[in-house]
Every structure is written in C-alpha cells, then in structure tokens.
Amino acid sequence: MAETMILIPGRTTKQGVGLLESKFKKQYRDATTTVEINVEDMARLGLKDGCKVKLRSANGVTTVKCTGRKTEDLPPGVLFIAYGPPTSKLMGTDTGASGMPLSKHLEVELESVN
Amino acid sequence: MGAATKAKSEANIKTVENATCTFCGCLCDDMVLTVDMDAKKITKAKNACVLGKALFLSHEEEDRPFALIDGKPATLKEGVEEAAQILANARFPMFYGMSDTTCEAQRQNVALVDMVGGTIDSTTSVCHGPTGMALQGVGESTATLGEIKNRADLVIYWGGNPAESLPRHFARYAVTAKGMYTPNRKKDRTIVNVDVRRTKSVPVADIFIQVKIGADFELLWALRALVKGRHVDPNIEKRTGVSLETMKDLVERMKNCRYGVLFFGMGLSMTRGRHFNSAAILSLASDLNEYTHFIATPMRGHGNVAGADIVVSWQTGYPFGVNFSRGYPKFNPGEFTATDMFARGDADAGLILASDPGSNFTQAAIDHMKKIPMIVLDPKLTHTAKLARVAFTTSHYGINTGGTAYRSDGVPIELRPCLDSKYPSDEEVIRAIYKRVEQLLKTRKKTKGANNKRRKAA
Amino acid sequence: MGSTLRIVNGRVYDPANDVDGKTRDICIKDGKIVKSVPPKTKCIDAKGMVVMPGGVDIHCHIAGAKANIARKLQPDDHRRDVHPRLDLKKVNTRSGTGGTVPSTFTTGYRYATMGYTTAMEAAVPPLLARHTLDEFEDTPVIDKGFYILMGNNVLLYQMLQEGRHEEIRNAVAWWLNATKSYTTKLVNPGGDEPWKGHRNATITQLNDKIDGYEQLTPRKIITSMVNTVEDLGLPHPVHIHCNNLGHSGNYKTTLETMKATGGRRIHITHIQFHSYGGKPNENPTSKAPQIAEYINNNSNITADVGQVMFGRSTSMTADAPLAWMLTRYSNDRRWVNADTECESGCGIIPFAYQEQVYTHALQWAIGLELFLLSKDPWRMVLSTDHPNGGTFTSYPRLIRTLMDREFRKQQMDSVNQKAVAKIKRGHHMEREYTLQEIAIVTRAGPARILGLKNKGHLGPGADADITIYDEHEDKELMFSAPRYVLKSGHLIIDNHEFRNNHEGKILHVAPGYDEGIKDVIRPFVEDFYTIKFDNYAVSDHYIPRHEVVPTAKQ
C-alpha cells in the first residue's frame, strides 16, 4: 500500500566523501540510495532497515533502501535522502520563475517493494 | 610562496603550509599538506576535516585521455577544435557550472559566453540563487566570518546542517571559535538551531526549535511581527509547530544580544517559498538592527560558488541566469537559468564547467542534455561527462592549479597548489576554445545553425 | 618598437605647464609625451579642437566587494541602461550594463569614451584588496588605484591606544605593500566600533572616547594617520571622509578635522557632504562659505567636492551608520550592511536626488557654492563621489553647470526655492569656469593632489593620456563626446568611434618598512581574522601591469 510522504534531500558527509572518491563507486551509490524514514512509519508499513522501497513523485519513480530514524530526530511522514541521481528522478521541472526546482519538500508516495 | 614551501630533499617529500581546501564554502586556508612528489600523492592533510581529508588523500591523477569526443580518446587540440565548432555554430548555447574552479577560469568562461551570445548560469541558481533574488528585493545585513567569530553572542542556524556539509564551521567561525569578544568560545555564545529534523548540527545548540515542514516562512514572519511589537495569534503553533512562548523567548534573545547572526541553509532556499523564505530571514535580521547589530548570511556549499556569483556580477551586473543573445547581458531567473533552459529543451548546445548537472538536475533536463552536443570540463569522470560530445580532463583547482577562490562571505583567497598535473587547467582549456571560436566568428560569412547537423540522435 | 604620433593644430590646455589655449604640437613616442618626433610621423589634425590631458578621477567607487554588492542589488538599475559589445570583426570588446553602478568593462569603456584615463577607487577594506584588483583586471583602458580603509582598523586602534607610533608607521607601510594600494583612507574614523560592537551606535565628536579604548578618539586616529602618511612620504596624503557625514551642523566637525592636522597635508573628500549648518536632525543650511574660506586660506588642505547631481544614485560607503540613517529618507526598501572583520563597515542603499526636495536641492547648491567660492582650483577639484552624489557619467553636465552661468541659473530656478534662498548671493554666483580651470579641476589638479607626476599634464615624460574635444557652445555635449582619446599613446577613440581596446595598469605605492612588524601583525591576524597571515598579502599575480609611484623617500 502506498503512503504519501514528504521527502527532503540534503547533503551528508558520507555523500560528500563518496563523491570525492568516485560517483561510480559503492560509497557514493550507497549514500545516495538510502532513504531515512521515521521508525513508527516503518513499523506500520512493515519495513525493516535495508528493505527496498519505491518512491514515486509526479515526475518519476526510483527505488532505494530504507533506514530508520527515531521520531524526535525525524518526524512521521518525513523522509530524508542524500542528493544524487535518485532525487533527480523525483524533482519537478517547474522552478516558479526562480531557476530553482523544488528540491526539498518533495511529495512522494512510498511503497514497499518486497 | 617560498617560506611556506619546505622541501625535504632526501625523500622527495614536500610540505605545503597554509594551503586552502576547496571542497566546501568554508574554504579553510590552514591546511598543512605533506606531499610525496614521486608518488604524486598527498599523504597527510593536517587540519582538514573529514571532507577535506577525503579531498586531499583520495586525490589521484587518473590516467585518462586529455579529451574524449563521443567517448573516444582525443588530443587536447582535437577536443578544442570540436568544442569551438559546437559553440561557433550554436544558436542558443547554455553555459553552466563554475562552482569548483578558479575565478580566473570563471572570468574567461563569461568572456566566451559573451562572445558567442549564449546564456550563462552557475550552480548558484540551484543553491542560494533564491537568496540572490531576495537580496534584490530587500538587501541584507551581512559580515565576514571573522567579525562573527569575534563578536557574535547569539548564533542561530536555520535550515542547514553544517556539521555534515561545512564541518569546520563551528570550530573556525561561529560556535567553539575563540574571538576578540568571545574568549570563552561557546560559553560566550548562545547557539540556536531551527530545523524540520534533528540533524547532526543540533547537539551543539543550546536551543533546538523544530519547525513543521513547510512552515519556515510563517515562523519567520511571526518572528518579524513580534520584533515589531505586533500581536501574533497563539494559534500560530498549529501552523508552525512552535509555541508563541518559544517565539517570544527567541525574539527577546535576538533583541537583547550584542551581535546576532542568522546562518541559513538550503532548507530555506530550496523548499516551498524559496526566495520568499530567504527574503523573510534577511528582513528579520534587518528589522533587528533597530535594536542591536544583527546579521543574516547564507551558508554556501561548494568551494568557489561564491566566486561564480561575484565574477558574473562584476562582469554583467547580474549574479546568475544571464543571457547575451542581444549582445548585452539580460537577467531573468526561470528563463535563463540552466535547469529551465535544459528541461524546456531551449539550449542547442551546452558547456559545463566544473559541475555535474547530469547527477543532480531534473530528469527532463538530463534527458535534453543527452540530445544536444555538450562540452564538459572536469578533473573526474562525471555523469555529465559520460553524456557529453566533448569531455576534457582538467587539472584540479587548489591542488594542481593556483588562482583565486571566494569564501562564502566574499573573502578572496589565493590558492596554493601542491602537485603538478599533466592536464591543463580549466582556464587554459577555456582560453584555447575562446581563441579558436574568435577565429571562427571573425572569418565566418554565414550565420549560425550548423549544429542541426551535429546534433546527436535523440 | 617606436610608435610615434603628433597632434597638430589643436588648442592646448595644459595648466601644469602653463599652456592656456595656445596652439601647440604634442608629440608622442612609445606611450609617452616627448619633445619631438621625426617630421614624417603620423598626425592627428586637431584644428578647431581642444587638447587636454586625460581626465583623472580622484575619488570614485568603481570596483570591489562593496561595488559588486551594489551591482547585484540593483537589476532594475542595469536593465534600462545596457552596454552592448561591438562588432567582433571590428574590435573585440565586452558587453555589460550601466546604471549607477556599471559592470567593470562598462566602467572602463565609459570613462574612456568621456576622455577620462585614470580613476581611483576610494574605499577598500585591506582584507578584500584582491577582489578590487580582480575587478581592476576586468576594467579596461583606464589606469587605476585604490585607497585602503584604515580609520577603523582594530590592530591600529590597539597600537594607538598604547602609543606605539613607530609600529603604526611600519604596520601602515606593510599594509600598503600587502594590498598594492595607493594611500590610506579614513572613513568616519572610530565609528565602526560603536556600530558593530555597541548596538549600532555612532560617534559625533572628534573628542568622543571610542568604546573599549580609553585613550582613543577620532582626533587621535586622524592626527596619527596624517603624521604616519607624511612620515612615509606617500605621494597622496591621507584621504579623509570626516565624521558626521550628511548630518546638519557637521561643518564644525569638518573645520575641526582640518585644524587637527596642524598644518600637515590632508585631503578632505566629498566635502560638500560635510559643509552643513543647522542642528542635528533638523533641516541643514549651507556653510559652504566658511568651508571654502578655510580651504582658500590654508594651502595644506586639498578637497574634492562630491557634487550632488539630480537623478538616481547609489549610496555606498564604508560609513555604515550613515547608510542606516539614510534609510529614513529613502523610499527604497533595500538596505545593505556588510562588516569586514577588524577593518571596516559598509552600507549601501539605492537613492535618488530630487530637485523638489529641500535637502537635495540644498546639497546640489552647496556643491556649486564650493566650486564658485574656491579661489584655488588646484585644491578644490571635481568629483561626485560616484555613485553617491551622482554617476561619473554626469561630469559633462556638471562641467557645463560650472562653465555656463545661464544654464546654471535655469537649473537654480527649477529646483526647490526654499533651498536656493539659503544660498548666499554675490558676484561669485556669476562666475564661469574657464576651459583652463576645467582642465585643472578634472585633470591637472587631481593628478597633482595624487602626486602622479606623469598624469594630468602634456609635458615631456608624461603618459600619453590625451583627450581631444570638438569645441562646442554646449559644454555638456563637448565633454561627453571627445573626438579622440589616447591612452598610453594608443588611439582608443578615433573620430568618435571606439577603435582599440586597451588594458590599463595599477598605480600603487611601496613604502619601505621594518620586516619585524610582521611578527607584530602575524599573531593578531592569526587570532582575530579568519585567514592565515601568510595568505593575507596579495601576490604579484594580481598586478600584471603596474607602476609603483615613488614616495618622497624613494
């Protein structure tokens, strides 16, 4: 069952270190294909750390692994992911005459792949 | 640079002091690099953070061709010829990037786009471009980071996570740094963090205010109202997730500090509200100057992204998203910004300097880049290089190439390279392309459009 | 290479060499003016034309961090005034935008097309000197230099507080070398500390104590810097923007500042903004007669006027409290404040001077009074404090206002009459500047005040920076469109057309100092700045074409 959530892409140290090594190696790929999700949401959706989930926005779809964060750290309904190729697939092209695509606060549907 | 460079002859090990790390906007200039000249490796990077260590210690000159044309190895000269032909024949070429290169290369790049009548944009537009637009509406009260280190007794981080993206921000500038009027470091400052989630930057804060996602503007506007002594409905908590009491406490702290700072991240500029969010936080700081000295300043990501804004501004009058089709600069975000130009399918050629939009632009933009002849300059193989018609391998700025970079607060720093490279610098390649394009345009009779032939199959 | 040129038949105005409108040949070889050239040399026939040295702007804000924020701030100002590139097949120039703060290339081209060949950027925080030099590299044609802000330097405060005068002299010399700058500038001396450190306060009296420094007053800062610069023998004395700029009643501060120097040389900049009577926070009156009289009688003082011109301007200044005050009088919501660690403040606001506004009309009239009451044009020279009082492109209009009494009268009649009524009538109001006097206040005078021996005149040895104007009744037209402009002997404007690009050079000083001073400055920079001391000084890469202007001791 799909559930609508808000995705926030951002920078992380792992992603930063990874891209210095190579964008085509494991560290960067892992860093940019892991989504953080609230543990309560995870439990409700029957997800465990490392489970694959599909994220779908109005613009595209991507599949990533998930990892849990406590409620005080990441509120329910909010997802966090490091910038990378998967987030490109989800962003919309309308920049509202600003040049900036909405790159945080992306509305996505999350669905377990298993 | 003589004094800073001590050569140890016995093992061909060199030490370069006061080198600058160009990874993030902190632009720390206190690196002490130990360089093994035979192995062409940096073996130690004293004072570097985790990102800086990764930058220096993983540096390796890969054995790649000087240029790739359609993925096949080519000489530099062949690459320059192909790139020049693409640009001389383009009707509406889009130049983008510039955040990870020297100002010298940026300046030459703007000269090239001016000559071919193209459009230029930097990574600013997908970073703090909206903040640049906000500046044009409301101004700003800003400061160099040293003034903040010396004086700030209230430091508010908003929508940014320097612990991960600017790792030495706290220690060098704003939290545990020791300054003239802040001799006791963190004890002399109150640190506040405002964010939608508990990031790794939150633990150093004395006060954490968790704002509801998408409600930054409302919170900022309520704070402005309170600063001006207006009534704010307690129901604001429902919208923002922050109680009126918490807001009032923060406002009192802001009005009563001696020197306050709002550092804000892309949590404001990239999200719903964009330049309105940035304008709200800039205005909040300006309003507070009725009571005390207050600063608001964006935290910027890449090493020399500030330089890109600065160079484009002094050469054209506008910070980013500038078009030269009419023979003079025009500015219009949304029209002349890169992600729009590519996603709409407007650009008929592209030149990407020191950036990788192929990994972070919208899918529609990436799809269009695949269809048109693209020119890429980068020390590393990138997603964009993989889809380019011509991809140049260039030397790494700050490691192989000297020049100027501007810190996010506008302080210019001269880089100290520590290793030679067999590859040319970005500036040298752009200059070579410029010279060839100039020849082509001066001698050409017919006008543009020949790129239709050169266009890749979709 | 022996490129030579001769200008013949022109009426030459070269006040430094006592040539006042005589027809003379000017000979040029390798970018310099020489006594003679071979008879068969290429000639420019300047019959019916006026020949003058290239213009020298002693005080403007054209390059660096502050100017660039002002550019970024005002897209509205650029879009109505574009500067297209020329046809590549004829001459490779760069495009740009104008307005009150033009882009760098446009700045260079527009100075050149107006016949100005040298300009001095008047306020640069030393820490940001690289930025100014970077922009200078992209400012074509003209030669240029800049003044470093030293009136609010925290290390110098500390030294002065402790009476370490010898160290101050060495530190100032080190700073001039480290930044490749031309002289020191004081802006609202002592005013930054209360602004930054004490909730945006300011100081109002020369004898006010500066917070945190018991022994320190603006007066001490001024006298210390005047003495230091004189001891170093810099070609240009301290360049002072006095305290209380723009405030009613400030003429007292200005007089006190001039008197505080004890007869030593000093240059008071944009003195119009410092010649107001009246009470603080009330409407100003004119004290131009008192200021002009003092300067007329004291040959150690030089000044530039800082004329206000009606229309758009950008107020941009190291005097941050002033910009804050101006927000009260501006309809534009944009305000910029920018602090530079340990060195300076900065304020920027878009502004417009309007004929019908009492204060603006009075400011305009006070500037004219100062010009008309000045008995020595060598010591009261032309500026608009570009772009604060008006842009440099308004100089031709200002020149006409000085040369043409009817034109001046017409304007007087159309501005706020209450303001005009405050101006003293007298025969000076009938004065018309002569071409020779214009040549003094726009070229020879500024060059002499700056100590630029190769500028502002047409004698042998001078740089071949030459402007040739068509004679014209309408002096605004005449001075806005010279027929020929030569820069270092290169013909830039040829028969009104921009023909050749040229890169000017950086003019800077390099006074000697005791190397030991670095051991004093180093720990301070390491502790209270955010870059390493060894990364502070600007390397020679930033000045590929430059000229060291010698000090009196060199």
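The values are calculated or read from the model by the stated rules, or taken from the named source; none is laboratory data. Since the model is a prediction, treat every value here as computed from it, not as a measurement. Don't worry about glycine lacking a Cβ; one is built from the backbone with ideal geometry, like all the others, and counts go over all protein chains shown.
Descriptive notes on the structure:
- For region C:310-333, the set of residues classified as surrounded by fewer than 22 Cβ atoms within 10 Å (Cβ to Cβ) and of a type outside the set (S, T, N, Q) consists of C:Phe310, C:Gly311, C:Arg312, C:Trp324, C:Met325, C:Leu326, C:Arg328, C:Tyr329, C:Asp332, C:Arg333, listed by residue number.
- Within region B:234-288, the set of residues being in contact with a Ser or Thr (Cβ under 6 Å, 6 or more places away or on another chain) and among the basic types (Lys, Arg) comprises just one member, B:Arg274.
- Within region B:194-210, the residues that satisfy the criterion of being part of a loop (DSSP other than H, G, I, E, B) and either in contact (Cβ under 8 Å) with a residue 40 or more places away in the chain or surrounded by fewer than 20 Cβ atoms within 10 Å (Cβ to Cβ) (or both) are B:Val196, B:Arg198, B:Lys200, B:Ser201, B:Ala205, B:Asp206.
- Within region C:184-234, the set of residues being farther than 22 Å from B:Tyr181 by Cβ, touching a residue at least 60 places away in the same chain (Cβ under 8 Å) and in a loop (DSSP other than H, G, I, E, B) comprises C:Thr204, C:Gly233, C:Leu234.
- From the list B:Ile413, B:Ile366, B:Ile375, the one residue that fits, being within 12 Å of chain A (Cβ to nearest Cβ) and either in contact (Cβ under 8 Å) with a residue 24 or more places away in the chain or outside any strand (DSSP E or B) (or both), is B:Ile366.
- Exclusive hit being within 11 Å of another protein chain (Cβ to nearest Cβ) and either part of a loop (DSSP other than H, G, I, E, B) or modelled with pLDDT under 95 (or both), set B:Glu60, B:Glu17: B:Glu60
- In region B:140-193, residue farthest from B:Phe264 (Cα to Cα) [restricted to those that are free of Cβ contacts under 8 Å to residues at least 40 places away in the same chain and among the β-branched types (Val, Ile, Thr)]: B:Thr182
- For region C:526-543, residues that are touching a residue at least 60 places away in the same chain (Cβ under 8 Å) and part of a helix (DSSP H, G or I) total 2.
- Residue match in region B:204-226 (condition: among the polar types (S, T, N, Q) and closer than 30 Å to B:Gly303 by Cβ): no
- Close pairs (6 angstrom Cβ cut-off, 6 or more residues apart or separate chains): on the phi > 0 side of the Ramachandran plot in region C:1-30, surrounded by fewer than 15 Cβ atoms within 10 Å (Cβ to Cβ) anywhere: C:Asn9/C:Asp45; C:Asn9/C:Lys47
- Scanning region C:287-339 for residues that are small (Gly, Ala, Ser), more than 14 Å from chain B (Cβ to nearest Cβ) and not in a helix (DSSP H, G or I) gives C:Ser299, C:Ala303, C:Gly306, C:Gly311, C:Ser313.
- Residue that is farthest from the other protein chains (Cβ to nearest Cβ), among those in region C:523-536 that are out of contact with any Leu (no Cβ under 9 Å at 6 or more places or on another chain) and closer than 15 Å to B:Thr20 by Cβ: C:Phe533
- Residues in region B:329-347 that are crowded, with 23+ Cβ neighbours inside 10 Å and in a loop (DSSP other than H, G, I, E, B): B:Pro329, B:Pro333, B:Phe336, B:Thr337, B:Ala347.
- Filter result (at the interface with another protein chain (Cβ under 10 Å from one of its Cβ atoms), surrounded by fewer than 24 Cβ atoms within 10 Å (Cβ to Cβ) and not in a helix (DSSP H, G or I)) within region C:96-142: C:Gly98, C:Asp138
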